[in-house]
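The values are calculated or read from the model by the stated rules, or taken from the named source; none is laboratory data. All figures in this text were calculated on a predicted structure; none of them were measured in a lab. In this analysis, Cβ positions are derived from the backbone assuming ideal geometry, glycine residues included, and neighbour counts consider all displayed protein chains. Note: accessible area is taken over every heavy atom of the protein model, side chains too, but ligands, DNA and RNA are not part of it. Shrake-Rupley method; radii C 1.70, N 1.55, O 1.52, S 1.80 Å.
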Amino acid sequence: MHCAFGEKSDLGESGQTITEAHSLRRLIHSSPAVPNPITPLANPTLLTLIMHFMQSTSAKPAKKTEIFKALPEVWQLIRPRRALLALGLGLMIVNRVSGLVLPASTKYLVDDIIGKRHFKLLYPLVGVVLLATLIQGLTSFALTQTLSKAAQKLIAELRRRVQEHVGRLSISYYDANKTGILVSRIMSDVEGVRNLIGTGLVDFAGGLLTAVIAFAVLIRISPVMTAIAFGFLGIFGFGLRKAFRTIRPIFRERAKINAEVTGRLTESLGGVRVVKGYHAEQREHEVFSSGVERLLQNVFRTLTATSVMSLSSSTLMGVIGAIVMFMGTRQILAGKLTLGGFFTYTMFLGYLAAPLFQVVGIGTQITEALAGLERTREVLDEVPENEDPNRTVTLPEVRGDVAFQDVTFAYEQKKTVLHDISFRARPGTVTALVGSSGSGKSTIIGLIAAFHTPNQGKVLVDSVDLSTVRLESYRTQLGMVLQDSFLFDGSIRENVAFSKPHATEQEILRACTIARVDEFAEKYELKYDTIIGERGVRLSGGQRQRVSIARAILADPRILILDEATSSLDSESEALIQEGLSYLMQGRTTFVIAHRLSTIRRADQILVVEEGRIVEHGNHQSLYQFGGRYYELYTKQHGIEQNLFLAPGEGDTTEESPAVLPDGVAADPDPTTLLR
């Protein structure tokens with residue numbers, strides 16, 4: 001359970017966090033929308049400071065986003081919403097043009113109304129400004145209502161689509177990816193879509209439009225001042241772009257650290273009984289604290305970066321303001337520029353600078369949105385297990401005739417788990433799998449459940465190759481009761497009905513009665529509507545297992561898998577539900593892993609699996625008389641049970657020897673524990 005947060009996680013590098021977007025917004029908002037012409041020159045070495053930061057940071061250069069690969073996905077999202085985006089673009093143009101009425105009116109206010117005392121023009125000018133402001137407000141409201149809501153709907157749609165797709169992927173995909181990573185793919189990676197379909201893309205275009213209009217006005221008023229100011233802005237924009245490229249890996253690293261810390265915290269809280277049982281609270285605190293410290297140091301690095309860029313933007317505006325103040329005053333004194341023209345120039349300069357800063361910030365967000373879409377596309381490109389082109393056969397109701405023909409399987413290359421496994425389980429029979437831990441029993445069960453496909457050989461169900469069968473036609477006829485019964489945070493009724501959502505109340509109650517769930521459910525105030533908590537934490541181990549058995553009974557499967565189904569039960573509870581298990585197994589092909597020997601002894605055939613091979617095959621009596629591996633496991637376990645309460649060193653020989661009757665015939669012990 002011990003892990004260090006210093007290692008890299010599997011979280012992908014693409015997909016900028018929301019924190020980064022917030023930092024970008026703070027940077028943009030920290031830059032004055034309208035430059036102050038009297039701002040003093042603060043620091044002439046701003047580019048040197050930026051470059052020094054870029055060289056001193058330990059982050060590696062960001063990996064270029066494969067934008068072109070994401071374009072088909074972008075077009076697929078935009079295509080059905082083209083009309084909406086066109087409407088948004090039109091509203092944006094009206095909004096930005098309306099916003100320029102106020103700075104444009106300054107020249108007429110100063111030169112004509114005040115300078116030439118044409119006071120009769122004041123009321124019309126104020127009316128035009130108020131009307132433009134009203135139009136700007138209404139278009140902003142309309143943009144938010146149309147595009148932002150559409151973006152949120154799209155995010156919800158994508159989340160549903162990705163979750164549905166992930167749910168249809170094979171077990172091997174889940175084995176190769178951590179749960180936290182999959183949650184991030186479903187919930188976080190699609191967030192950036194709001195910058196494409198929402199106001200982000202429109203703001204990007206609007207910022208460019210405003211900058212172009214402002215630049216045209218500035219050139220018309222004073223080409224010389226505009227060329228100088230634009231040169232400074234261009235240099236700063238280039239430096240800012242480089243800085244964003246440098247700090248982006250820091251934000252990505254933060255996402256990795258956050259995933260690691262959150263994942264470990266989830267494990268620690270989920271395993272609180274183990275933590276407390278070993279008095280490991282302090283150790284868990286230290287591990288968590290080390291992760292939080294790494295997260296804090298990462299935040300400090302990003303704060304340093306954003307502070308440098310904020311300082312740079314303030315300094316830049318001060319430099320440009322000083323230049324405009326100096327050159328504008330000289331042009332006014334020389335009669336080349338009016339006072340109203342100077343004020344108009346100053347305001348439009350702000351409308352040129354602010355959109356440029358916004359374009360840099362929004363452009364970064366759009367780039368990261370494309371990166372998130374690329375990660376989403378990677379998930380959607382994974383082929384669901386049921387879309388395998390080989391799976392074309394739809395099974396009717398199966399009889400339950402299961403056969404393995406020379407099956408070899410490996411989870412990884414050169415690490416074969418099963419070797420030439422062959423056996424047949426006839427309809428309605430019970431097949432028990434026994435053997436040492438890690439011998440391959442669960443892998444055989446996984447192949448029967450079609451969780452995996454053999455590398456060699458065939459798994460046949462009613463003489464049909466399981467690798468060619470459409471899974472929905474097979475798994476609806478499959479039932480499983482596992483050792484670790486997974487229950488959802490819901491009511492007893494909901495958990496039992498999980499295998500058959502449209503079951504009637506009578507069917508649910510009948511399954512609960514057979515599995516002896518009614519014996520404890522009826523004692524609760526809410527009876528079957530009692531909430532059992534996450535993973536059924538409010539029930540005992542035996543009660544959870546009974547709910548799991550009731551769920552399997554309700555499914556009425558043709559093929560049944562019992563993976564140590566009564567391991568969580570005491571002897572009394574086991575005896576109570578043996579009747580339910582016997583009912584469940586009637587007429588069904590049943591596979592049992594390391595079940596209680598009382599059940600294994602009644603099995604039609606027992607497969608002894610060791611190191612991925614079937615070393616013995618027969619029923620209880622024949623294998624016991626054979627005196628091989630099954631006999632060894634059986635008698636050893638019986639000896640351990642018989643000597644469970646002896647002092648150390650007492651009865652050591654009993655563990656290795658079967659009980660012997662007076663006439664020298666080996667007795668057939670009757671233990672009730674599982675083979676391991």
For segment 407-476, what does the accessible surface come to per residue with a 1.4 Å probe? Please give it in Å². 44 Å²
With labels modelled as points extended 7 Å from the Cα through the Cβ direction, what inter-label distance (nm, one decimal) is found for residue 112 paired with residue 399? 9.7 nm
Expressed as a whole number of Å, what is the distance separating the alpha-carbon centroids of segment 329-356 and segment 141-195? 48 Å
Keeping all protein chains in the complex and leaving out DNA, RNA and ligands, what accessible area do you get for residue 465 with a 1.4 Å probe, in Å² to the nearest 10? 40 Å²
Considering only C-alpha atoms, what is the centroid distance from segment 510-539 to segment 437-470, in Å? 34 Å
Roughly to the nearest percent, how much of the accessible area of segment 115-246 is carbon and sulfur, given a 1.4 Å probe? 67 percent
What whole-number value in Å² describes the accessible area per residue of segment 106-154 for a 1.4 Å probe? 68 Å²
What is the spin-label model distance, in nm, from residue 583 to residue 556 if the labels are put 7 Å beyond Cα along the C-beta direction? 1.4 nm
Please report the carbon-and-sulfur percent of the accessible area for segment 300-457; probe 1.4 Å, protein heavy atoms only, DNA, RNA and ligands left out. 55 percent
Once you place label points 7 Å from the Cα toward the Cβ at residue 296 and residue 265, how far apart are they in nm? 1.5 nm
Using +1 at the Cβ of each Lys and Arg and -1 at the Cβ of each Asp and Glu in segment 445-524, identify which of 495, 513, 460 lies farthest towards the dipole's positive end. 460
